[in-house]
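*Asks:* Sharing a structure here in structure tokens format.
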Amino acid sequence: MANLTLTASPALGGIELEIGQNRIAERSDLAIVSIATPLGGKDILAKTLNTGWSLTMPDPIMSTVEGNTRAIRTSPDQILLIFPHGTPDANATVQKKLNGTGYTTDQTDAWVILEISGPDTLKALERLCLLDTATFEIGQSARTMMEHMGALIIRLEDDRFMLMSASSSAGSFLHAVETSYNYVS
Amino acid sequence: MIINHPLLGPRDAAEFTVLGDASLLHRPDGMTATMDDMHDYAYLRDNPAGLHRELWYHEQGDRSWLVVTRNTLTHDVENVELARDVARTEGRSK
Amino acid sequence: MTQPNRLDGGQIDRTRKLKFSWNGTFYSGYHGDTLASALLANGQRLVGRSFKYHRPRGIFSAGSEEPNALVQLRTGAAQEPNTRATTIELFDGLKATSQNHRGSLEYDLMAANDLLSPFLSAGFYYKTFMWPKAFWEQFYEPVIRASAGLGRLSMEPDPDVYDHGYLHCDLLIIGAGPAGLTAALTAARAGLRVILADEDFTPGGRLNAETYAVDDQPGATWAAAVTAELQAMDNVRLMTRTTVYGAYDHGVYGALERKTDHLANANGKPRQVLWRLYTKRALLTAGSTERSIAFGNNDRPGVMLAGAVRTYVNRFGVAPGKKVAIFTNNDDGLRTADDLRAKGVDITRIIDARQGDNVVNTVGRKGLHTVYLNGGRHVEADCLAVSGGWSPNVHLTCHHRGRPVWNEQIAGFTPGKDLPPGMVVAGAANGAMTLAAAIRQAHEAAQSIAAGLGKTVRDTAPKASDETFDTAPFWHVAESKTRAWVDLQNDVTTKDIKQSHQEGFRSVEHLKRYTTLGMATDQGKTANILGLALMAEAQGKSIQDTGTTIFRPPYNPVAIGAFAGRARGKDFRPTRLTPSHRWAEENGADFVETGMWLRAQWFKQPGEKGWRDSVDREAAMVRKSVGICDVTTLGKIDIQGRDAAEFLNRIYANAFLKLPVGKVRYGLMLREDGICYDDGTTARLAENHFVMTTTTANAVTVFRNMEFARQCLWPDLDVHLISTTDAWAQFGVAGPNARALLSKVVDDLDLSNDAFPFMACTDCTVFGGTPARLFRISFSGELAYEVAVPARYGDAMIRALMEVGQEFDAVPYGTEALGVLRIEKGHAAGNELNGQTTAQMLGLGGMVSKKKDSIGSKLSERPALNGDDDMRLVGFKPVDKTIGLTAGAHFLSPGDPEDMAHDQGWMTSVAYSPELGHSIGLGYLKRGQDRLGEQIRSYSPVRGGNTMVEVCSPHHIDPEGHRQRG
């Protein structure tokens, strides 16, 4: 059985698409770990984030970034850390640095991450997202829904956004994003 | 319909699910409550024409339960609070 | 292909000639034409037949208020009935046909209805088709169905695509006429984010149709310049071909943008887009709509609203007639004469009601040729321009049940005080009926809205002069002896209104329902006020006291396709796929939808003829050796915190506080009313760390309810939830060889019964280092495990499991075999949890702990839920083993009549058991636990089953549980 080592396959196989001058790409290089704040442990967790990652605690609608690591608030007492990580031990690495100051759950496999960019991006988002994405600041984040699927959106640059949705419906999510670009007129 | 989320700002009601009367916060302790107390809690709701405190859940959002004070006659939303804060203020703890 | 009625001028592009077909004949028009203007240019006055009497009808208006000129546009699957010729932009190759006639438009066989009109008045249906009663189904209804309705559907799926979207702005301006353009410019200069929407394809509104001047330029030139300026501004979104059709709560508006209706080919782009507009403020500058006057035979082709006549002459360079008469009660109507004379059109007579002149009757079967006046006079005319005054377009002001107010001075309803919050009205929609007044009002409104949103702007209103506006209410010509139409679209006449009053329909809402006044595609835009005025007159009341019917969305019709948007076919809802989906597709799986998930229901092998062959084989192989099933779809919730155990103890009816680390426990969840709603297993991975599974169907609900309990009921418990359903690919491995198989999968873990007993769980690795979780739980009653790996390894995992399993003839099994196995074992599932199920019914009454408070525990103790006579889950087998059982069948004692009084329970689940070789069932039976061995009748009047069954234990196999514990 020695040859049966399991190989990972990303939800969309690491797809990259071009629609006109726009691009949709799956980010399969990122790990996601959620950190829940223990009751009464907000300040200690904020401090650990700072010492461990040099990150400030994200506020409800604004993610924070340091180096390759981004922190997004998903609930009043929960954040996501997103960072490049190849092996399935992201949870352990975060836990180690947290040293018990937050409850972690590996969410890498729960989500599909798409990075979308290009000149039609805001127009595509008008058809996909009920939030006012045109006025999002760089780094602004929101948890919302797109075509009946729960989604997370973060503005990375003027014409570049990161979209996250459930990995089991990754195909439907990609289809929704792709259709939105195709329908821009 | 728009709900002005206390942490996130105005969000479309499509992101929420509604449960109803915020009296559901006041669940009696099953070990001490009488059957009548528990029955009233589970089944009896006010249905006022006018201001109504309702529980809404930001399911397609930050998963907060909210207490929304809404006028059922005009649909005006007069106040939105985190249900957790309201619950604590109204004496709920562990 | 000459256009006999084409004049000079107008805003059409004569360099772009377009060919179109009308009822099979080709004509030409120009870019910038509507189908209506092009038909008029080509002398086509007769364009359709009326709804009830099949009267010949012509083009009546020049906008979306059109009641008559409804046509079928395009052909084949794209054919759309009831489109208004007045709003269809002409494109090259356009094909349209008239509707509502049998035979040709000129010789409609249904025109006989017109001769029968004395019998077809208001309430005709209700009075006539009452008797004899038996005639309704066989005769009346088929005949009515064959005659009713306008236009024909293609009966094919709509080939176009539709979309929806969301837009945000500070200020939505509805209507891009002089008021809307003025307001948009001021608001945009102030820095507001503005959306300006207009249903026309050229902004300008009446400026395009009249000969007014603004800022010393022709109105249309000014409108074009302002449009260009607005288009160049980043903070303005100018949306033409866009109808704002509804005002909803909290500044939300609905709008329909027609993207490709004016193109011969959409090239795959959405035909229409339904926008949800989020606004801080809205300014309604929707203008006003002209209305007619009721006089004898006022419905003939050639009778047209005066404003529309000016539109055709000024905007489209088309003369609606060669000899035009004008019938008016206001100054605005007189402008028509000036404009037409300027274009060289012959005016045969101006008939001013204010001077006592009236039109009594008209003549001309398929087109007007003579107009009869009071006093026995008559005048030749092939077009009669009628103006009964203008009604402000207050519709959207009433969408929150606001009531408009009657304004005697303009003889029209203006917006009341109770507008939708955030809405302001300006211009003609607000009763400012002259150009300068409308512009001034819009300018002030925009400045004040900007100030209210913290922006200031110093600009001056565009310059225009106030034309004279004098109107005297005048509704109908009393001297007319012939029928006078009020609502052209629904063939409602003055006589119908009087009759409905006489028959006691006194409320306007009743009048509307009884006569159909104001119904259908135009919603009575040109007819309602006239109808109300006649109603008021009949009752001797004022129009204000008579009131209006409620205006509701949509302002204009919106195709169902636009509401559906993309949500068609496979795109109706998202599809969730299990991690082994691709592998399952490659291996003959047949899929079933369970919620949004697609799950394999069985895997067909070569030679298997029907699904039963596959399912029997899979279930049998699990019992004989080992089977593998993807169970990823079960909800998984990660639960952590210092109080996690205490929390679970309150969520589940049974005890959880003392569940040891490394163990799994079955848990039963109740609703607060004591009824069971979900069950599953929860594993304790660490002191403060649990992972719960829920049923596939209830994953979202359970999570929501637990968040409620956490935030609202016990806010100071330290407990945190996150869904991990999609994070783990989880596989059930079940059967006597499960341990042997898994021992070749799991790295360095003692799987012996002592080391890893029934209900154990652990973190581990598989296949040389991939992180995994292993649970020893069984849904089938066999020795069974569930093994989970991060979802990205799911595809590799199923392939590896199957490869290792070859040695044991391992089979993949689907949801059907899963069902067979659990029915054999007597596990309750969705069929048994129907929203009425108590723990006692499941035989789990003893599980509900009375030593603690948990959700639903108190109310589950109610005596009525715990009677001796209650239903109890038991098993059933047929007395004659060759007979299949029927789910949904009810149980009766032999000899009892088949009625509810003798009903003793029902069959919830049935399956063929390959293990036992006959059909088996689960079901609820009164005092079932005491009746094992009894023979009763299983009776299904719906599915025809009538079988003697024997009551048995629900655990059809291995009732002592040796296998799963072995």
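The values are calculated or read from the model by the stated rules, or taken from the named source; none is laboratory data. The structure presented is a predicted model; accordingly, all values stated were derived computationally and were not measured. Cβ atoms come from the backbone with ideal geometry, glycine included; neighbour counts cover every protein chain shown. Protein only, heavy atoms only, side chains kept; ligands, DNA and RNA dropped before computing areas. Shrake-Rupley method; radii C 1.70, N 1.55, O 1.52, S 1.80 Å.
*Asks:* Could you please let me know if B:ARG53 is more than 9 Å from every other protein chain (Cβ to nearest Cβ) and open to solvent by 60 Å² or more (accessible area, probe 1.4 Å)?
*Replies:* Criteria met by B:ARG53.
*Asks:* Looking at the stretch A:72-86, which of its residues are modelled with pLDDT of 95 or more and farther than 22 Å from C:GLN711 by Cβ?
*Replies:* A:LEU81, A:ILE82, A:PHE83, A:PRO84, A:HIS85
*Asks:* If you go through the stretch C:493-523 one residue at a time, how many are of a type outside the set (A, V, I, L, M, F, W, C) and either in contact with a Pro (Cβ under 6 Å, 6 or more places away or on another chain) or open to solvent by less than 60 Å² (accessible area, probe 1.4 Å) (or both)?
*Replies:* 16
*Asks:* Are any residues in the stretch A:137-161 touching a residue at least 12 places away in the same chain (Cβ under 8 Å), in a loop (DSSP other than H, G, I, E, B) and within 11 Å of another protein chain (Cβ to nearest Cβ), and if so, which ones?
*Replies:* A:GLU147
So that you can scan it fast, the table gives a plain yes or no per residue for (1) within 30 Å of C:ASN753 (Cβ to Cβ); (2) not in a helix (DSSP H, G or I); (3) not β-branched (Val, Ile, Thr):
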position: C:PRO894; (1), (2), (3): no, yes, yes
position: C:LEU916; (1), (2), (3): yes, yes, yes
position: C:ILE920; (1), (2), (3): yes, yes, no
position: C:ASN946; (1), (2), (3): no, yes, yes
position: C:VAL949; (1), (2), (3): no, yes, no
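*Asks:* Name the single residue, out of those in the stretch C:444-460 being in contact with a Leu (Cβ under 8 Å, 6 or more places away or on another chain) and part of a helix (DSSP H, G or I), that is nearest to C:THR182 (Cα to Cα).
*Replies:* C:ALA446
*Asks:* Within the stretch C:296-318, work out how many residues are open to solvent by less than 10 Å² (accessible area, probe 1.4 Å), over 19 Å from C:GLY48 (Cα atoms) and not in a helix (DSSP H, G or I).
*Replies:* Result for the stretch C:296-318: 4.
*Asks:* Can I ask one more? Checking the conditions here, which among C:THR242, C:THR289, C:THR260 is under 24 Å from C:LYS525 (Cβ atoms), polar (S, T, N, Q) and in contact with a Ser or Thr (Cβ under 8 Å, 6 or more places away or on another chain)?
*Replies:* Exactly one residue qualifies, and that residue is C:THR289.
*Asks:* Look through B:THR89, B:THR69, B:THR32 and report the one residue that is of a type in the set (S, T, N, Q), more than 8 Å from chain C (Cβ to nearest Cβ) and open to solvent by less than 70 Å² (accessible area, probe 1.4 Å).
*Replies:* Answer to the selection: B:THR69.
*Asks:* A follow-up question, please. Test C:GLY531 against the stated conditions and say whether it is at pLDDT 90 or above, surrounded by 14 or more Cβ atoms within 10 Å (Cβ to Cβ) and within 30 Å of C:GLU593 (Cα to Cα).
*Replies:* no
*Asks:* Scanning for something within 45 Å of the chain's Cα centre (by Cα) and charged (D, E, K, R), does the stretch C:341-363 turn up at least one residue?
*Replies:* Looking through the stretch C:341-363, none of the residues is within 45 Å of the chain's Cα centre (by Cα) and charged (D, E, K, R).
*Asks:* Only residues in the stretch C:263-276 that are more than 9 Å from every other protein chain (Cβ to nearest Cβ) and open to solvent by 70 Å² or more (accessible area, probe 1.4 Å) count as the first member; pair them with residues that are in a loop (DSSP other than H, G, I, E, B) and of a type in the set (A, V, I, L, M), Cβ under 8 angstrom, at least 6 apart or cross-chain, and list the lot.
*Replies:* none
*Asks:* Kindly establish whether C:PHE690 is within 14 Å of chain A (Cβ to nearest Cβ), open to solvent by less than 30 Å² (accessible area, probe 1.4 Å) and modelled with pLDDT of 95 or more.
*Replies:* Yes.
*Asks:* When the residues of the stretch C:624-650 are filtered to those that are within 14 Å of chain A (Cβ to nearest Cβ) and of a type in the set (Lys, Arg), which remaining residue is most open to solvent (accessible area, probe 1.4 Å)?
*Replies:* Out of the qualifying residues, it is C:ARG642.
*Asks:* Could you grab the pairs with beta carbons closer than 6 Å, sequence gap of 6+ or different chains, first residue in the stretch C:725-752 and at negative phi, second one open to solvent by 10 Å² or more (accessible area, probe 1.4 Å) and aromatic (Phe, Trp, Tyr)?
*Replies:* Close Cβ pairs satisfying both conditions: C:ASN737/C:PHE808; C:LEU741/C:PHE808.
*Asks:* Something else now. Across the stretch C:582-618, what is the number of residues that are surrounded by 14 or more Cβ atoms within 10 Å (Cβ to Cβ), free of Cβ contacts under 8 Å to residues at least 40 places away in the same chain and under 30 Å from A:TRP111 (Cβ atoms)?
*Replies:* Selection size over the stretch C:582-618: 3.
*Asks:* Identify, by number, the condition in (1) in a helix (DSSP H, G or I); (2) more than 7 Å from chain C (Cβ to nearest Cβ); (3) under 14 Å from the mean Cα position of the chain (by Cα) that B:ASP40 doesn't meet.
*Replies:* Every listed condition holds for B:ASP40 apart from (3).
*Asks:* Can you give me the number of residues within the stretch C:763-774 that are in contact with a Lys or Arg (Cβ under 8 Å, 6 or more places away or on another chain) and open to solvent by less than 40 Å² (accessible area, probe 1.4 Å)?
*Replies:* Looking only at that region, the number is 1.
*Asks:* Which residue pairs have Cβ atoms under 7 Å apart, sit 6 or more places apart or on different chains, and have a first residue in the stretch C:103-121 that is under 15 Å from C:VAL492 (Cβ atoms) and a second that is open to solvent by 30 Å² or more (accessible area, probe 1.4 Å) and assigned to a helix (DSSP H, G or I)?
*Replies:* The qualifying pairs are C:LEU120/C:ASN113; C:SER121/C:LYS495.
*Asks:* Residues being open to solvent by 10 Å² or more (accessible area, probe 1.4 Å) and either over 14 Å from C:CYS761 (Cα atoms) or out of contact with any strand residue (DSSP E or B) (no Cβ under 8 Å at 6 or more places or on another chain) (or both): count how many of those fall in the stretch C:740-749.
*Replies:* Here the count works out to 5.
*Asks:* Considering only residues that are buried (at least 21 other Cβ atoms within 10 Å of the Cβ) and among the hydroxyl-bearing types (Ser, Thr, Tyr), which ones fall in the stretch C:534-547?
*Replies:* C:THR546
*Asks:* Which residue out of C:ILE777, C:ILE823 is surrounded by 21 or more Cβ atoms within 10 Å (Cβ to Cβ), at pLDDT 95 or above and either within 23 Å of C:CYS761 (Cα to Cα) or within 14 Å of chain A (Cβ to nearest Cβ) (or both)?
*Replies:* C:ILE777
*Asks:* Here's a follow-up. Considering only residues that are of a type in the set (A, V, I, L, M), away from every other protein chain (no Cβ under 14 Å) and part of a strand (DSSP E or B), which ones fall in the stretch C:651-682?
*Replies:* C:VAL664, C:LEU668, C:MET669
*Asks:* Can you find a residue in the stretch C:837-860 that is closer than 28 Å to C:ALA600 by Cβ and in contact with a Gly (Cβ under 7 Å, 6 or more places away or on another chain)?
*Replies:* no
*Asks:* In the stretch C:205-235, how many residues are touching a Pro at 6+ places or on another chain (Cβ under 8 Å) and at positive phi?
*Replies:* 2
*Asks:* Counting just the residues of the stretch A:1-36 that are open to solvent by 30 Å² or more (accessible area, probe 1.4 Å) and at the interface with chain C (Cβ under 7 Å from one of its Cβ atoms), which one comes out farthest from C:MET802 (Cα to Cα)?
*Replies:* Only one residue tops the list, namely A:PRO10.
*Asks:* How many of the residues making up the stretch A:71-117 are within 8 Å of chain C (Cβ to nearest Cβ) and surrounded by fewer than 20 Cβ atoms within 10 Å (Cβ to Cβ)?
*Replies:* Residues that pass the stated criteria total 1.
*Asks:* Within the stretch B:14-27, take every residue that is within 8 Å of chain C (Cβ to nearest Cβ) and open to solvent by 20 Å² or more (accessible area, probe 1.4 Å) and give me the one that is farthest from the chain's Cα centre (by Cα).
*Replies:* The qualifying residue farthest from the chain's Cα centre (by Cα) is B:THR17.
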